[in-house]
Every structure is written in C-alpha cells, then in structure tokens.
1. Working only within the range 276-321, note down all residues that are at positive phi and of a type in the set (Asp, Glu).
2. Residues in the range 105-135 that are in contact with a Gly (Cβ under 6 Å, 6 or more places away or on another chain) and either open to solvent by 60 Å² or more (accessible area, probe 1.4 Å) or farther than 10 Å from ASN18 by Cβ (or both): how many?
3. Consider the range 59-100. How many of its residues are surrounded by 13 or more Cβ atoms within 10 Å (Cβ to Cβ), touching a strand residue (DSSP E or B) at 6+ places or on another chain (Cβ under 9 Å) and not polar (S, T, N, Q)?
4. So which helices (runs of 4 or more DSSP H) are wholly in the range 239-324 and hold at least 1 residues that are open to solvent by 20 Å² or more (accessible area, probe 1.4 Å), small (Gly, Ala, Ser) and farther than 23 Å from ALA136 by Cβ?
5. Name the single residue, out of those in the range 345-359 being more than 8 Å from the chain's Cα centre (by Cα) and open to solvent by 50 Å² or more (accessible area, probe 1.4 Å), that is nearest to LYS413 (Cα to Cα).
6. Run ASN316 past the list (1) within 14 Å of the chain's Cα centre (by Cα); (2) closer than 30 Å to TYR168 by Cβ and report the number of the one that doesn't hold.
7. When you check LYS225 against the structure, is it in contact with a strand residue (DSSP E or B) (Cβ under 9 Å, 6 or more places away or on another chain) and either without any contact (Cβ under 8 Å) to a residue 60 or more places away in the chain or closer than 19 Å to LYS315 by Cα (or both), yes or no?
8. Among what's in the range 530-546 and is open to solvent by less than 60 Å² (accessible area, probe 1.4 Å) and either without any contact (Cβ under 8 Å) to a residue 24 or more places away in the chain or not in a helix (DSSP H, G or I) (or both), pick the residue that is farthest from GLN606 (Cα to Cα).
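The values are calculated or read from the model by the stated rules, or taken from the named source; none is laboratory data. Given the structure is predicted, the values throughout are model-derived calculations rather than measurements. Ideal geometry is used to build each Cβ from the backbone, glycine not excepted, and the neighbour counts take in all protein chains shown. Accessible surface areas use protein heavy atoms only, side chains included; no ligands, DNA or RNA. Shrake-Rupley method; radii C 1.70, N 1.55, O 1.52, S 1.80 Å.
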Amino acid sequence: MTAIHQKLFAGDNIPLVNGQGGVGKTSIAARYYDRHKDHYAHTAWVLSERSIANALLSNLAAPLGLVFEQTAAEAERLNHLLRAMASLDKPCLLVIDNANELEDLEKNYILLRRCSNFHLLLTSRITHFEQAATHAIEGLPEAEALALFKRHYPKMKAEEEPLFAAIYHAVGGNTLVVELLAKNVALFHGIRQQYSLQTLLDDLQQKGVLALTKSAEVKTGYQAKDALRSETPEAIIAAMYDLSDLSREETALLSVFAVLPAESIGFEWLEMLLPNTVDIEKNALALAQRGWIEYDETNASFKCSPVIQEITRKKNEQLRADCETLIQHLIEKLKRDTLHEENYKYSAIFARYAETVISIFQVPNYEIALLCERTGDFHVATGNLEKANDNFEKCRDISKKLCEIGPDEPYNKNELAISYSKLGETHAALGNLDLALTFYQDDAELTKQLYDSYPNNVAFKNGLAISYERLGLTHAALGNLDLALTFYQDYNELEKQLYDSYPNHVAFKHNLAISYDKLGDTHVALGNLDLALTFYEERSALGKQLYDSYPNHVEFKNGLAISYYKLGALNADNLKDKAQAKTYFQQAEALWLELVRDAPQVVEFQRFLGIVQEDLQDL
C-alpha cells in the first residue's frame with residue numbers, strides 16, 4: 001500500500017501493479033481504492049476487457065453526463081471523454097483493472113497521460129513496460145497461504161497441515177487457486193469428510209488442478225462484475241488465461257514449457273531442446289512480458305507456473321504437435337552412444353525432462369514409447385534399475401496398446417519386443433531370473449513373428465539373434481544347460497548369416513565372436529571339451545581380426561584377452577597341454593598389461609591381470 005501510494009503521488013509515472021493471474025493484483029488495487037478514496041475528489045474503477053478505450057467509454061461517459069452522436073467515431077468520443085475528465089477537480093483516482101493487452105496499452109498510453117489531474121493505477125499481467133513504473137505482486141508466502149486456506153476451510157485438522165506444503169507447491173503458490181481449493185474442500189466436509197486433503201493432493205499430483213475428483217460450484221470475486229461468480233474451481237481456473245491472446249509461435253513455445261518441469265530452465269537449455277527453432281529468444285521474452293512465464297534476467301532462465309502449465313495443456317489442441325521437436329530431440333539425446341557425454345551431466349537433465357514429458361502424454365504414441373525406452377536405458381547406465389524398470393514397463397504398456405490399435409504395424413510390435421527384452425535385462429540384473437526368462441520368451445516370440453514376416457529385414461534378424469542369446473544366458477544361469485545350448489546354437493546360426501551377408505559390419509563380427517564364446521562355455525560345462533576348444537578358437541580368430549583392425553578399442557582388446565585366457569585354461573586344466581596353455585596365458589597377460597597401463601582405474605582389468613599371472617606361476 002505504501003509503495004503504491006508513493007508511486008502515485010510522485011506523479012512521474014502510471015504504475016502497473018503486475019503479476020500472474022490469481023495472485024491478488026485486483027485485491028491490492030481494491031484495497032488501495034477503498035483505503036484512499038477520501039483523499040480524492042473523484043474516483044473511478046473500470047474493468048478492461050482487451051480495450052482500455054472501450055472500458056473508459058462504457059463506464060465513465062454516463063457518470064460524466066456525456067451523450068455522443070451515434071455517428072461519432074471511437075476516437076472522437078474518447079477525446080470528448082478525456083476533455084471532460086481533465087476538467088474535474090484534482091486529485092482524481094482511476095483504476096483500470098486487467099489491462100493485460102500490451103499492444104492496447106501501448107496504443108492508449110499517450111491518451112492516458114492527458115489525464116494530468118488523475119492518478120492512474122493499472123493492474124496487469126504485463127511484467128515490463130518502459131513508460132511505466134511497476135510494482136510486482138506475488139502469491140502469498142506459504143505460512144500466509146496456509147492461514148488463507150484454513151480461513152476458507154475451518155474444519156482443517158492440525159495433522160493435515162503437513163499436506164498443505166505439497167498442495168501449495170503443486171499449484172505454484174497461486175493465491176486464488178489456494179482459496180478456491182479450500183472452498184471446494186469445505187463444501188465436501190459436512191458431518192463427515194468426503195474429500196480429504198490427501199485425495200486433493202493426489203489429484204493435483206496425478207491428474208492436475210483441472211481434474212479434481214470432487215468439485216462443486218464455489219463463490220469468488222475473481223473477475224466478477226456486479227455480483228460474486230459461482231462456478232467450479234476448474235472453470236474459474238481455466239478462464240484465468242486465454243491462449244487466443246498469443247501468436248501461434250508463442251503458443252507452441254508455451255506448450256513446451258507446459259510439458260517440462262515447473263522449474264527454472266536456462267535459455268541455453270531451450271536452445272538445446274529446440275534446435276533450429278526460429279525466434280525462440282523473441283518469443284520467450286514476449287511470453288515473459290505478457291506474464292505467461294517468469295524471466296530471471298540474472299540467470300537468463302524461464303519458469304512456467306503449474307497452473308499456467310495445466311491451462312495450456314488443457315486448452316491447446318495442438319499440444320502434441322507443438323512438442324514434436326522437443327520429443328524427437330530428447331529421444332536423440334538419450335541414445336546409448338550419447339549418454340556418457342559430460343559424465344552424464346546433460347543426460348541426467350534430459351532424462352528428468354523426458355520423464356515429465358512422458359507423464360503428460362498418456363495417449364499411445366510410438367515416439368513416447370521410444371522415449372520411455374531411452375529413459376530406461378539412462379537409468380540402467382547410471383545403476384538405478386528400479387527406475388529403469390518403471391520406464392520399460394511404461395514402454396511395454398504403450399506398445400501393447402499400439403499393437404492393439406495397429407496389429408499389422410511392425411515397428412509397434414518391434415518396440416513391444418524391445419520392451420520385453422529390456423524388462424528381462426533389468427530383472428536378470430535384479431536376480432529375478434524366472435521373471436527375466438518370461439520376458440525374454442515374450443521378446444523371442446514377437447521377434448520371431450517379425451523375422452518370419454520380414455526375413456530380409458536385418459534389424460529384425462539381429463534382434464532375434466540377440467533374443468536367443470538372452471534366452472541362452474538365462475537358461476545357463478538357471479542350470480538348464482541343454483536348453484541354453486539350443487538357444488546359443490540358434491544365436492550362432494543367425495549371427496553367421498548376418499556376418500556372411502555383411503562381412504565388413506563390425507557389430508555382426510563381434511556378435512558372431514560372442515556366440516562362439518557362449519557355445520564354448522556351454523560345451524565346457526557339458527564336458528564336450530573338443531567342441532569347446534573348436535568354438536574358443538573360432539572366437540579368438542574373430543577377436544584377433546577385430547583387435548588388429550581396432551587396436552585401441554578397449555572392448556575388443558579385453559574380449560581377445562579373455563578368449564586367450566579361456567583357451568589357456570582349457571589347455572591347462574582339461575587337455576593337459578601346458579606349453580600351449582602358457583602361450584595363451586602370455587598373450588592374455590600382454591593385452592591386460594596394456595589395458596591396466598591405459599586404464600588403471602578399471603579394477604576388472606587389474607583383477608584379470610592378477611589371475612592370469614597366478615596361473616602362469618602355477619604352470
């Protein structure tokens with residue numbers, strides 16, 4: 001009150017009491033109007049609905065006794081009105097409530113300055129206007145907001161108060177929304193409580209403020225004209241902002257903010273998330289100036305409130321299309337080969353953004369299923385298997401629905417198969433081998449269907465080979481060696497076909513080498529030593545080719561060292577050929593010495609080196 005009073009009586013500007021919708025701008029102006037009306041010769045209050053000129057003419061002409069010719073243009077009428085206002089004794093007070101249109105304010109500012117005998121006080125969502133002083137209004141601090149909530153919901157119990165902090169956070173501390181929710185909860189608490197604060201909080205966190213489980217009409221003075229409005233909280237909140245005020249480009253950018261976390265997002269992140277987007281800086285600043293998002297100039301960051309996010313998601317019918325670039329870029333940034341950039345610093349943020357996006361788009365969509373898969377991969381890479389499993393389950397559920405909708409679409413079926421494979425991997429890592437086996441079987445069944453339908457599709461053939469490998473690994477871990485051998489043989493056969501067709505494809509050569517290794521391990525376990533030796537030799541030969549082609553490739557070097565070690569162990573322990581064993585052990589030792597030298601932080605290489613050196617001493 002004091003700050004606004006000082007600005008008005010300083011007489012050098014038209015102050016804007018500004019802030020987001022529902023934070024109390026009109027209440028502040030009304031309190032000032034009531035408290036200081038005796039200081040003014042005349043007072044007037046008008047509600048601007050897109051046009052300041054129209055609001056002045058509609059509300060002030062009659063009290064001033066003005067009658068216009070029917071043929072008079074608006075500009076002529078407005079000049080006549082302003083002359084009449086200028087003739088009044090000073091000081092006068094004019095409050096223009098809801099002056100939210102920037103272009104309209106710019107158009108009428110000079111005209112308003114003609115009212116030199118008036119103090120002009122405007123409430124607005126406009127955050128910056130060069131010609132006017134501003135006084136920003138924010139929502140009530142949490143303690144005061146709690147007091148407001150309890151005033152409108154007097155039956156609130158002391159043990160429920162801890163829930164309020166989460167409710168306050170879920171609505172971004174918006175004062176009006178806090179009041180409406182309190183009034184709504186109160187309506188459902190007569191003799192017994194029918195709508196608990198816990199249920200309200202669950203609604204806000206899971207469905208949003210525009211989808212309450214229980215809702216009834218409440219009374220509010222917000223944007224009321226002659227009497228209190230009586231509508232549901234959802235209707236009142238949804239009416240707070242009108243997307244038609246924005247350009248198509250501004251709406252598209254706001255939609256991106258609406259599906260990201262309700263937190264500060266640096267401009268450099270916007271540029272990374274929306275590459276090649278035209279006028280991104282211009283549109284972000286325009287949204288901030290119009291009060292749709294907050295702009296922190298010091299940190300060059302933007303933030304969108306949960307309430308505006310919800311309204312945008314509810315009202316923008318093109319939300320999904322507007323977020324296409326964001327979704328595609330998140331998918332790209334969470335690819336496995338980019339996850340290690342900057343030591344996961346960027347990937348961790350991309351994954352968090354992706355999870356928020358996933359929670360918004362519930363309609364089955366292939367890109368969202370793929371985003372779930374990529375996010376799950378990130379959590380696997382960073383060791384959070386439970387979160388990985390959650391994302392893979394979402395991928396599975398979305399893909400299942402897509403397969404029901406389009407059963408003949410191969411890529412939906414393939415994504416479902418991938419989700420089964422990923423779930424198998426996480427459950428195997430968690431020690432749930434029986435459950436992992438079930439998922440691997442589902443994966444193999446679907447991938448076999450795809451391969452049978454599209455036998456020349458390389459990705460489907462390779463996917464089937466990998467699914468056989470997973471089944472072999474799981475059966476081996478469960479002690480089902482005969483079944484493991486069968487799947488390893490199928491794995492090996494498909495990898496040979498792929499390698500024969502694409503002899504220069506490094507991944508196929510590497511996979512074929514692995515398949516020989518698995519066959520060798522299984523035959524050792526089954527006691528078929530001659531067969532084991534043959535497969536180990538095949539594996540080493542391919543491994544040597546890979547190493548010779550890529551001598552600095554750590555995985556290829558380590559794989560070759562392991563294959564040499566296995567040949568050495570087989571010759572030493574089973575075939576009793578110590579000379580041959582020593583040769584293989586020395587070859588393995590040489591490779592692990594290089595690996596330890598180049599990557600001393602990798603404990604596994606040091607352990608392998610110690611083992612092979614002990615074996616050499618024992619020969």
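1. Taking the range 276-321 and keeping what is at positive phi, we get 276, 279, 291, 300.
ASP279, the sole residue that qualifies.
2. The number of residues fulfilling the criteria is 1.
3. Result for the range 59-100: 13.
4. Per the criteria, 248-259, 319-322.
5. Ranking the candidates gives TYR346 first.
6. Against the list (1) within 14 Å of the chain's Cα centre (by Cα); (2) closer than 30 Å to TYR168 by Cβ, ASN316 comes up short only on (1).
7. Values: in contact with a strand residue (DSSP E or B) (Cβ under 9 Å, 6 or more places away or on another chain): yes; either without any contact (Cβ under 8 Å) to a residue 60 or more places away in the chain or closer than 19 Å to LYS315 by Cα (or both): no.
So LYS225 fails the test.
8. Going through the range 530-546, the residues open to solvent by less than 60 Å² (accessible area, probe 1.4 Å) turn out to be 532-533, 535-536, 539-543, 546.
Remaining after also requiring either without any contact (Cβ under 8 Å) to a residue 24 or more places away in the chain or not in a helix (DSSP H, G or I) (or both): 535, 541.
Details: PHE535: 27, ALA541: 24 Å.
Filtering first and then ranking leaves PHE535.
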